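**Student:** Here's a structure for you.
The values are calculated or read from the model by the stated rules, or taken from the named source; none is laboratory data. Quick caveat, the model's predicted, so the values are computed rather than measured. As a convention, Cβ positions derive from the backbone with ideal geometry for all residues, glycine included, and neighbour counts pool all protein chains shown.
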Amino acid sequence: MSEQPQPVLLDSTTYFRLGISIHPLLHGSFGTAPKYTLCVHADLDDEYRRSSRLKNKFEWVSHAEYVDDRKGKRYEVPRKLRKQADDAFTFLAAYEKEHGLNLSLVDLKALAVGFVMGIPLVTDDVNMRRVADEHSIECWNTIQLLKLMVTANRISMDKVTEILEYLNDQNDLPMAKPRLRELFREYFGTDCPI
């Protein structure tokens, strides 16, 4: 019997940045010992439907092939742990409010999932990472995820370059260029292509 893949939860922004360039993004698993499977929070589609800004900027999200990719890859906390997730959400929301971090409800729910389920959360949002660091929630950045995907032969280095060039052209890099270049060198051991 094969081991179940480790879920890795993408925050909404990471999904919106990568979903169009790596397609299908969520389908299947990758890596060996451990194997990983990417997923999004169950509320991502609701967040998208409620936001005209997201619908205008990422209209591709509503296309059938992307909707199909998200089917079955919406992460929900198991029923027996929902009370713990709700409690974690309440605690994290109070921390967020106390520190004026301005996170969305879906961001806080994703952090609560990471906290309760002990699964990695991929985000480049400074405030989400602050909450994660303060509460020992495992947090990866986009460059770290891309490196893992390259190592597992899920994507190529050419695809990484294509993604970074696209995000640069869209003025939507996951972080400031100096930090991006620093992390790229750290994870890939070479100069960043942008």
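**Student:** If I go through region 128-141 residue by residue, how many of them are under 11 Å from the mean Cα position of the chain (by Cα) and of a type in the set (Gly, Ala, Ser)?
**Tutor:** 0
**Student:** Hey, among the residues in region 1-36 that are more than 20 Å from residue 57 (Cβ to Cβ) and charged (D, E, K, R), which one's surrounded by the most Cβ atoms within 10 Å (Cβ to Cβ)?
**Tutor:** Once the filter is applied, the top-ranked residue is 35.
**Student:** If you take just the helices (runs of 4 or more DSSP H) that sit entirely in region 87-181, which of them hold at least 2 residues that are outside the structural domain of residue 58 (by TED's automatic domain parsing) and touching a residue at least 60 places away in the same chain (Cβ under 8 Å)?
**Tutor:** Helices (runs of 4 or more DSSP H) meeting the threshold: 142-151, 157-169.
**Student:** Against the condition modelled with pLDDT of 95 or more, surrounded by 13 or more Cβ atoms within 10 Å (Cβ to Cβ), out of contact with any His (no Cβ under 6 Å at 6 or more places or on another chain) and more than 15 Å from residue 14 (Cα to Cα), how does residue 150 come out, does it pass?
**Tutor:** For residue 150, the condition - modelled with pLDDT of 95 or more, surrounded by 13 or more Cβ atoms within 10 Å (Cβ to Cβ), out of contact with any His (no Cβ under 6 Å at 6 or more places or on another chain) and more than 15 Å from residue 14 (Cα to Cα) - is met.
**Student:** For residues in region 71-86 being touching a residue at least 24 places away in the same chain (Cβ under 8 Å) and outside any helix (DSSP H, G or I), which is surrounded by the fewest Cβ atoms within 10 Å (Cβ to Cβ)?
**Tutor:** 76
**Student:** Also, quick follow-up: Select, from 43, 68, the only residue that is surrounded by 17 or more Cβ atoms within 10 Å (Cβ to Cβ) and either at pLDDT below 95 or not assigned by TED's automatic domain parsing to the domain that holds residue 164 (or both).
**Tutor:** Every option except 43 fails the conditions.
**Student:** Further, regarding this structure: I'd like the full set of residues that are in a strand (DSSP E or B) and β-branched (Val, Ile, Thr), limited to region 18-55.
**Tutor:** 37, 40, listed by residue number.
**Student:** Within region 39-59, is even one residue of a type in the set (D, E, K, R), in contact (Cβ under 8 Å) with a residue 24 or more places away in the chain and within 17 Å of residue 5 (Cα to Cα)?
**Tutor:** No, region 39-59 has no match at all.
**Student:** Could I ask something else about it? Between 84, 170, 144, which is within 23 Å of residue 6 (Cα to Cα) and either modelled with pLDDT under 95 or over 18 Å from the mean Cα position of the chain (by Cα) (or both)?
**Tutor:** Within the list 84, 170, 144, the selection yields 84.
**Student:** Just to verify a result, which residue in region 15-40, among those that are closer than 20 Å to residue 77 by Cα and polar (S, T, N, Q), is modelled with the lowest pLDDT?
**Tutor:** Looking at the filtered set, the residue picked out is 29.
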